[in-house]
Amino acid sequence: MTIGWIGTGIMGLSMCSHLMDGGYEAVVYNRTAAKAQALVDKGAKLAASPREVASACDVVFTMVGYPSDVEEVYFGENGIFKGIRKGSIVVDMTTTKPSLAERIYAKAQEIGCEALDAPVSGGDSGARNACLSIMVGGDQSTLDKVMPMLKLMGTSIILEGAAGAGQHTKMANQIQITGTMIGMSEALLYAKKAGLDLKTMVDTISKGAAGCHALNNLAPRVIKGDYNPGFIINHFIKDMGIALEEAKRMGIELKGVELVESLYRKLQEAGGGAEGTQALVKALGEF
Ligand code: NAP
């Protein structure tokens, strides 16, 4: 069976690669074609547009950057909906707006196709090691059809509700992560001032109630002075923006998210938007 994959960046490249290792043939497209080369070297066919991918495949996955990218890839002049065949399934794994997931679902239904929103958590390491948590919105019957593919990328695959519910769950995930990122950064800052051995401190507290992805995966990078992205600040600011917009629409305030977003914006304004989210520590003081 041939699957389509659009968006072969940090996450998409590994995820599509797992599908190919699982025996699926792939037709791929990325805005910057060079970033799809590793998959082409592995046997994938390179398409010239999302439209061309959709016209060649029954299941199309997308893992691009921002809501505007998702919009272009699905609804654009050379987008998926211009080339898709009746009966096909689209799975958007980008972190994007719940309302956009609902629009994609409605359009797919209208033309005799199926759609899922299926954003992920677990970071670049989760994508590389095929142990992502996948949060799905849409119909159980559609999920059943793509479950064998999702199982090649993740270890937790859960239907959260109707279209958009996967993206809402991902927003809850990102709201939680604002807390672990500021906690991890301040713990490192404090421990350094107190003269502790940072590696020992992280090893110790990660085994208790403070244990989390940020401590396990990102604190060691901060200790080494490695601010290369796993997950770029620009994308996290995008996610916090969506969460704040949705919260406002629902009439609630997210004061913690507002604080963390303002700290990340400081880094972005200083030119650090392409660094990894672990660079938050730099917004808090001398480290
Ligand atoms: P990334 O490295 O920037 O990858 C996104 C890829 O999509 C890029 O290669 C980009 O092409 C391509 N793309 C963007 N717009 C496109 C378009 N209109 N047509 C075709 N290709 C397009 O980002 P990532 O880290 O893989 O993240 C992807 C998504 O997953 C984001 O929504 C992010 O928030 C989410 N996410 C990331 C992580 C993480 O840890 N990295 C974890 C969970 C979720 P170019 O090469 O031309 O830019």
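The values are calculated or read from the model by the stated rules, or taken from the named source; none is laboratory data. Keep in mind the model is a prediction, meaning the values are calculated, not measured. Every residue, glycine among them, receives a Cβ derived from its backbone with ideal geometry; neighbour counts consider all protein chains shown. Accessible surface is based on the protein model in full, side chains and every heavy atom, while ligands, DNA and RNA are left aside. Shrake-Rupley method; radii C 1.70, N 1.55, O 1.52, S 1.80 Å.
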> For the cross-link pairs Lys86/Lys170; Lys45/Lys238; Lys193/Lys266; Lys145/Lys170; Lys192/Lys266; Lys107/Lys145, which exceed 27 Å when the distance is taken from alpha carbon to alpha carbon?
Replying inline: Lys86/Lys170; Lys45/Lys238
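Share of the stretch 15-73's accessible area from carbon and sulfur, percent, 1.4 Å?
Carbon with sulfur: 47 percent of the solvent-accessible area.
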> Fully extended, how many nm does the chain gain between Arg249 and Arg31 (0.36 nm per residue separation, minus their Cα-Cα distance)?
Replying inline: 75.2 nm
> What would the Debye formula give as log10 I(q)/I(0) at q = 0.13, 0.16 Å⁻¹ for the alpha-carbon point model of the chain, no solvent?
Replying inline: -0.88, -1.24
>> Below 13 Å, Cα to Cα, which aspartates and glutamates can Lys248 reach? Residues fewer than 8 away in the same chain don't count.
In response: Glu258
> Tell me, what % of the accessible area of the stretch 136-267 is carbon and sulfur with a 1.4 angstrom probe?
Replying inline: 58 percent
> Between Ala270 and Ala48, what is the spin-label point distance in nm, taking each point 7 Å from the Cα along the Cα→C-beta axis?
Replying inline: 4.6 nm
>> I'd like to know which of Met20, Ala33, Val202 lies farthest towards the positive end of the charge dipole of the chain, counting +1 on Cβ of Lys and Arg and -1 on Cβ of Asp and Glu.
In response: Val202
> Taking a ≥ b ≥ c as the square roots of the eigenvalues of the Cα gyration tensor of the stretch 1-151, is the shape rounded (a/c under 1.5), prolate (a/b larger than b/c) or oblate?
Replying inline: rounded
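With every protein chain left in place, what is the accessible area per residue of the stretch 34-128 in square angstrom, probe 1.4 Å?
About 40 Å² of surface per residue is accessible.
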> In nm, what is the difference between 0.36 nm times the number of residues separating Thr155 and Ile111 and their Cα-Cα distance?
Replying inline: 12.7 nm
> Which one of Leu267, Leu254, Gln176 is farthest out on the positive end of the charge dipole of the stretch 165-287, using unit charges on Cβ (Lys, Arg +1; Asp, Glu -1) and the Cα centre as origin?
Replying inline: Gln176
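With charges set only on the Cβ (+1 for Lys and Arg, -1 for Asp and Glu), what does the dipole of the stretch 123-275 come to about its Cα centre, in debye to the nearest 20?
Working: 16 positive and 16 negative charges, 65 e Å.
Roughly 320 debye for the stretch 123-275.
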> So what is the accessible area of the stretch 130-274 per residue, in Å², with the probe set to 1.4 Å?
Replying inline: 49 Å²
> Against the longest principal axis of the chain, how steep is helix 140-150, in degrees 0 to 90 to the nearest 10, with axes from Cα atoms?
Replying inline: 70 degrees
> Using alpha-carbon positions, what is the distance between the centroids of the stretch 1-67 and the stretch 231-287, in Å?
Replying inline: 29 Å
>> On a full-extension model of 0.36 nm per residue, what is the gain between Leu198 and Met147, subtracting their alpha-carbon distance, rounded to one decimal in nm?
In response: 14.2 nm
